[in-house]
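Participant: Supplied in structure tokens, the structure appears directly below.
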Amino acid sequence: MRKNAIIEKTAQAILTICAVVAIFAVCAITLYMFIKGAPALKEVGVLDLLFGTIWKPTASTPSYGIWYIILASVISTGAAILIGVPIGLLTAVFLSEISGRKLGGIVGSAVELLAATPSVIYGLIGMMVLNPLMFKLEKAVFAGDASHQFTGGANMLSAIFVLAIMILPTVISVCTSSLKAVSDNLRAASLALGATKEQTIFKAVIPAAKSGILTGVVLGIGRALGEAMAINMVAGGAVNIPLPFNSVRTLTTQIVSEMGYASGTHRQVLFTVGLVLYLFIMIVNFILLRARKAGVARED
Amino acid sequence: MSKKILAAITAMGLMAFAFAGCTTTEETEATSKSLTGNIALAGSTSMEKLCEAMSESFMTVNPGVTVTVEYTGSGAGIEAVTSGSVDIGDASRALKEDEIAGGLVENVVAIDGIAVITDTSNSVTDVTSEELAKIYTGEISNWSELGGADQPIVVIGREAGSGTRDAFEELLEVEDICAYAQELDSTGAVLAKVAATPGSIGYVSLDVLDDTVIGMKINGYEPTEEQILAGTYALQRPFVMATRGAISEQSEEVQAWFAYLNSAEGQEIIRAVGLIVPQ
């Protein structure tokens, strides 16, 4: 009895310590990002930094505007979601509602492999396959247009396609499990009322799984927003207005590509870029929390 | 294994000192083995790779000497050595006349060369520095304007803060007005992208030039070590370690530092970081 009590106590202590490590890490990161990211906001000026459109950190009169960088992150993530979520959701419908066990197994393991693929592989394929194709498209679209700066296919469109593929596994797996969690009674009731299988899926099952699907979308946003390596390899990396055929830089690649040699205010601004990214991720997680709560409330 | 290497390095270092002793005075030779003190350097950020490699190796050979290097920029480095707050001022450019008149001695320790590269299918392989500046500022945007195929020019460069970018823009006098289509964060990435993208142009340090790309002639001169040493190839800059007065007037540690730079081992380090040994 006493021995068991000791084991209980010890286990509890170890578990508590582990939990504290996670909390401590989050608090430390948050604190660090604010401490490191805030000075540049003061030094450069909040408006000049966040909404400035000229990024010339090493010029004799430097300019640290990151507005185009923020926009590039938001737009490429948004567009990737627009492309990736429908494909992901429909794949999830296929997996949970239509496919047999055998075919479902094959698609399922393909999705898992896609999820486990390191982002540098996506970047490599994007750089070697997608970019040359984009260059051909770019030459066709802008033939004879002297005002367009040719990027060799490294543009925002490439980044969007790569991101859309990269968020697929997240969206698919979360959506599949939430669709599978929908009670079979609902399907039976819908079919009994004379609805076809398609009507049942789109009018009854998907609405019932709404909060789970939203969770998948939000997780996809988080993944797309935080991706650095693949984007760095395919998006060109010059700071430009985020148009489809322009070479762009996102919040993540901004830090990756310039941290190496940056110093002084330039370096501080990169921390502010990190802070902005971190705030975006916090907002995404907040929405995620709300979506989950809404889901729980619905099930009650 | 590592002990052997260490022993070899030490032996080479000692030999270098013996050399240094010969060229200066007998006294140096006698004391060089137990040299203690500090050497302070400040200046060019572009010279970081060279200074780090050199100081690390130098301190292995001379455990008693501490070398500190600050990377504050060429201008600040020259100022610091002029005011006497450091022993050596690093500058990745030739000294100006007034700086030399102010008592500084220009010790060129290495030469940095930049190769302009294009993909192997490009028929334009020779450009003038004016044309190059126009390509990088966006004034020339198609190879046909330079007598090549009707092919848009994809302008590739390095990220802000890169030493190669600084050097390139400075030498062509296009600082902060370049219009890059792609900004990549490593020499290897530039090389790979240029090799893979038809109609592209990029710049890399001379030492990484290989046959996956064409190293363009500038003003008719090939990007080779011979042309750089002859002074005909335009895209080059000296790495200067400026001292107040001649090297022989410096402290023993500083004299040992320069002796080490000129030793076989020091020159090996200069080559290893991609630079050219001046003659």
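Participant: Mind listing whichever residues of segment B:193-204 are more than 8 Å from every other protein chain (Cβ to nearest Cβ) and either without any contact (Cβ under 8 Å) to a residue 12 or more places away in the chain or surrounded by fewer than 21 Cβ atoms within 10 Å (Cβ to Cβ) (or both)?
Facilitator: Answer for segment B:193-204, where residues must be more than 8 Å from every other protein chain (Cβ to nearest Cβ) and either without any contact (Cβ under 8 Å) to a residue 12 or more places away in the chain or surrounded by fewer than 21 Cβ atoms within 10 Å (Cβ to Cβ) (or both): just B:Ala195.
Participant: For segment A:175-189, check the following and say yes or no: at least one residue is buried (at least 22 other Cβ atoms within 10 Å of the Cβ) and either of a type in the set (Val, Ile, Thr) or within 14 Å of chain B (Cβ to nearest Cβ) (or both).
Facilitator: Yes - at least one qualifying residue is present in segment A:175-189.
Participant: Does B:Glu170 satisfy the criteria of being modelled with pLDDT under 90 and either under 16 Å from B:Gly215 (Cα atoms) or assigned to a loop (DSSP other than H, G, I, E, B) (or both)?
Facilitator: no
Participant: State whether the residues of segment A:141-157 include one that is surrounded by 13 or more Cβ atoms within 10 Å (Cβ to Cβ) and more than 13 Å from chain B (Cβ to nearest Cβ).
Facilitator: yes
Participant: If you don't mind, another one. For segment B:239-251, check the following and say yes or no: at least one residue is touching a residue at least 60 places away in the same chain (Cβ under 8 Å), surrounded by fewer than 20 Cβ atoms within 10 Å (Cβ to Cβ), closer than 15 Å to B:Asp112 by Cβ and hydrophobic (A, V, I, L, M, F, W, C).
Facilitator: no
Participant: Ok, one more. Being at pLDDT 95 or above, within 19 Å of the chain's Cα centre (by Cα) and hydrophobic (A, V, I, L, M, F, W, C): is that true of A:Leu82 here?
Facilitator: Spelling it out, A:Leu82 is indeed at pLDDT 95 or above, within 19 Å of the chain's Cα centre (by Cα) and hydrophobic (A, V, I, L, M, F, W, C).
Participant: Go through segment B:152-164 and give me each residue that's within 14 Å of the chain's Cα centre (by Cα) and more than 8 Å from chain A (Cβ to nearest Cβ).
Facilitator: Listed by number, the list holds a single entry, B:Thr164.
Participant: Just to check your reading of the model, which residue among A:Thr200, A:Thr215, A:Thr151 is polar (S, T, N, Q) and more than 29 Å from A:Thr253 (Cα to Cα)?
Facilitator: Answer to the selection: A:Thr200.
Participant: Here is a further query. Being outside any strand (DSSP E or B), touching a Phe, Trp or Tyr at 6+ places or on another chain (Cβ under 9 Å) and more than 29 Å from B:Ala189 (Cβ to Cβ) is the filter here, so list the residues in segment B:206-253 that pass it.
Facilitator: If the condition is that a residue be outside any strand (DSSP E or B), touching a Phe, Trp or Tyr at 6+ places or on another chain (Cβ under 9 Å) and more than 29 Å from B:Ala189 (Cβ to Cβ), then B:Ala230, B:Thr232, B:Ile247, B:Gln250 are the ones that fit.
Participant: Go through A:Leu288, A:Leu251 for me and flag whichever is surrounded by 22 or more Cβ atoms within 10 Å (Cβ to Cβ) and either over 30 Å from B:Glu183 (Cα atoms) or modelled with pLDDT of 95 or more (or both).
Facilitator: Answer to the check: A:Leu251.
Participant: Continuing with this model, one more query. Give the residue that is farthest from the chain's Cα centre (by Cα), with candidates limited to residues of segment A:102-140 that are facing chain B (nearest Cβ under 10 Å) and in contact (Cβ under 8 Å) with a residue 24 or more places away in the chain.
Facilitator: Only one residue tops the list, namely A:Glu138.
Participant: Specify the residue that is farthest from the other protein chains (Cβ to nearest Cβ); the eligible residues are those in segment A:46-72 that are out of contact with any strand residue (DSSP E or B) (no Cβ under 9 Å at 6 or more places or on another chain) and of a type in the set (Gly, Ala, Ser).
Facilitator: Top of the filtered list is A:Ser60.
Participant: Can you spot a residue in segment B:70-93 that is among the charged types (D, E, K, R), part of a strand (DSSP E or B) and within 14 Å of another protein chain (Cβ to nearest Cβ)?
Facilitator: Looking through segment B:70-93, at least one residue is among the charged types (D, E, K, R), part of a strand (DSSP E or B) and within 14 Å of another protein chain (Cβ to nearest Cβ).
Participant: So which residues in segment A:220-266 are within 9 Å of chain B (Cβ to nearest Cβ), more than 15 Å from the chain's Cα centre (by Cα) and assigned to a helix (DSSP H, G or I), if there are any at all?
Facilitator: Residues satisfying the conditions are A:Met233, A:Val256, A:Ser257, A:Glu258, A:His266.
Participant: Follow-up question, since we're still on this one. Which of the residues belonging to segment B:46-60 are surrounded by fewer than 22 Cβ atoms within 10 Å (Cβ to Cβ) and in contact (Cβ under 8 Å) with a residue 60 or more places away in the chain?
Facilitator: B:Glu48, B:Lys49, B:Ala53, B:Ser57
Participant: Check off (1) assigned to a helix (DSSP H, G or I); (2) crowded, with 23+ Cβ neighbours inside 10 Å; (3) within 14 Å of another protein chain (Cβ to nearest Cβ) for B:Leu132 and give me the number that stays unchecked.
Facilitator: Of everything listed in (1) assigned to a helix (DSSP H, G or I); (2) crowded, with 23+ Cβ neighbours inside 10 Å; (3) within 14 Å of another protein chain (Cβ to nearest Cβ), B:Leu132 misses just condition (3).
Participant: Could you tell me whether segment B:145-168 includes any residue that is within 30 Å of A:Arg267 (Cβ to Cβ) and surrounded by fewer than 18 Cβ atoms within 10 Å (Cβ to Cβ)?
Facilitator: Checked segment B:145-168: no residue is within 30 Å of A:Arg267 (Cβ to Cβ) and surrounded by fewer than 18 Cβ atoms within 10 Å (Cβ to Cβ).
Participant: Filter segment A:45-63 down to the residues that are buried (at least 16 other Cβ atoms within 10 Å of the Cβ) and under 25 Å from the mean Cα position of the chain (by Cα), then identify the one that is nearest to A:Asn240 (Cα to Cα).
Facilitator: Looking at the filtered set, the residue picked out is A:Trp55.
Participant: Residues being under 22 Å from A:Ser247 (Cβ atoms), assigned to a helix (DSSP H, G or I) and more than 14 Å from the chain's Cα centre (by Cα): count how many of those fall in segment A:154-200.
Facilitator: The total comes to 3.
Participant: While we're on this one: For B:Ala181, only one of the following conditions fails: (1) within 22 Å of B:Val69 (Cβ to Cβ); (2) within 14 Å of another protein chain (Cβ to nearest Cβ). What is its number?
Facilitator: Only one criterion is unmet by B:Ala181, namely (1).
The values are calculated or read from the model by the stated rules, or taken from the named source; none is laboratory data. Given the structure is predicted, the values throughout are model-derived calculations rather than measurements. So basically every Cβ, Gly included, is an ideal-geometry build from the backbone, and we count neighbours across all protein chains shown.
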